[in-house]
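Okay, structure first, notes after.
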Amino acid sequence: MNSDAKLTYAGIYLLKKLDVDAEHGGIELPLALPRELDALDPALERLVLDGHVVMDRKKGRYQLTASGTDHVGNLIDEAEHYIDEFDAMEVDAVVAELQRRRLDPLRVRFLWGWYQGEFDDLVLWQQRRGLVEIETEWASYLMDDAFWDELAGELGGDSN
């Protein structure tokens with residue numbers, strides 16, 4: 001996966017985290033990120049440049065904008081469309097159809113899991129998959145090729 005796609009998908013992940021309340025897995029991201037969240041800087045910068053998030057200096061944290069909320073709604077619609085259309089199909093058939101349509105299978109797989117909450121806790125996600133080495137800092141894992149390679153492996157390939 002190229003760095004541009006990784007920033008886009010990581011940004012989508014963060015939009016959800018900023019959109020939902022803490023009870024449903026949401027988080028507040030302070031402007032001065034703690035060390036364990038440093039890896040998120042490039043994705044947050046992209047979200048700010050795209051107008052989906054603002055740096056609220058008064059509150060000292062990143063805030064979702066109206067544009068960001070609209071974007072989340074569009075992503076939800078996109079994910080629901082894929083789930084409705086492809087839920088009953090085998091993975092190989094879905095991948096072939098997406099490639100025929102010139103759509104990125106990794107984007108579809110990511111949105112599917114994002115929408116269904118599969119990635120809400122990335123440490124738990126790694127544990128459920130039986131990974132030998134667990135990255136306990138979710139932000140680092142989100143930005144690492146290991147996450148994207150694991151996801152792409154479900155589709156019969158790697159993220160590169």
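Since every read-out is calculated from the coordinates, none of them should be taken as a lab result. The structure displayed is predicted, hence computed values, not measured ones. FYI the Cβ positions are ideal-geometry reconstructions off the backbone, even for glycines, and counts take in every protein chain you see.
Data for the structure
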item: The stretch 86-106 residues that are without any contact (Cβ under 8 Å) to a residue 40 or more places away in the chain, paired with ones that are surrounded by fewer than 17 Cβ atoms within 10 Å (Cβ to Cβ) and β-branched (V, I, T) (beta carbon under 7 Å, 6 or more apart); result: none
item: Of all residues making up the stretch 84-137, the number that are acidic (D, E), surrounded by fewer than 12 Cβ atoms within 10 Å (Cβ to Cβ) and over 28 Å from G26 (Cβ atoms); result: 2
item: Residues (aliphatic (A, V, I, L, M) and touching a helix residue (DSSP H, G or I) at 6+ places or on another chain (Cβ under 6 Å)) located in the stretch 84-110; result: V94, V95, L98, L106, V108
item: Answer residue from the stretch 3-41, given it is part of a helix (DSSP H, G or I) and of a type in the set (D, E) and is farthest from R61 (Cα to Cα) among those; result: D4
item: Unmet criterion (only one of (1) buried (at least 16 other Cβ atoms within 10 Å of the Cβ); (2) touching a strand residue (DSSP E or B) at 6+ places or on another chain (Cβ under 7 Å); (3) of a type in the set (G, A, S)) for G60; result: (1)
item: Restricting the stretch 38-51 to residues that are surrounded by fewer than 17 Cβ atoms within 10 Å (Cβ to Cβ) and in contact (Cβ under 8 Å) with a residue 24 or more places away in the chain, the residue that is farthest from F110 (Cα to Cα); result: D38
item: Hey, K16 surrounded by 11 or more Cβ atoms within 10 Å (Cβ to Cβ), farther than 21 Å from A152 by Cβ and of a type in the set (K, R) or not; result: no
item: Subset of the stretch 111-144 (residues that are touching a residue at least 60 places away in the same chain (Cβ under 8 Å) and not in a loop (DSSP other than H, G, I, E, B)); result: L111, W114, A139, S140, L142, M143
item: Unmet requirement for V54, which otherwise passes all of (1) surrounded by 14 or more Cβ atoms within 10 Å (Cβ to Cβ); (2) in contact (Cβ under 8 Å) with a residue 24 or more places away in the chain; (3) not small (G, A, S); result: (2)
item: Selection within the stretch 108-150 - under 11 Å from the mean Cα position of the chain (by Cα) and either on the phi > 0 side of the Ramachandran plot or basic (K, R) (or both); result: R109, G117
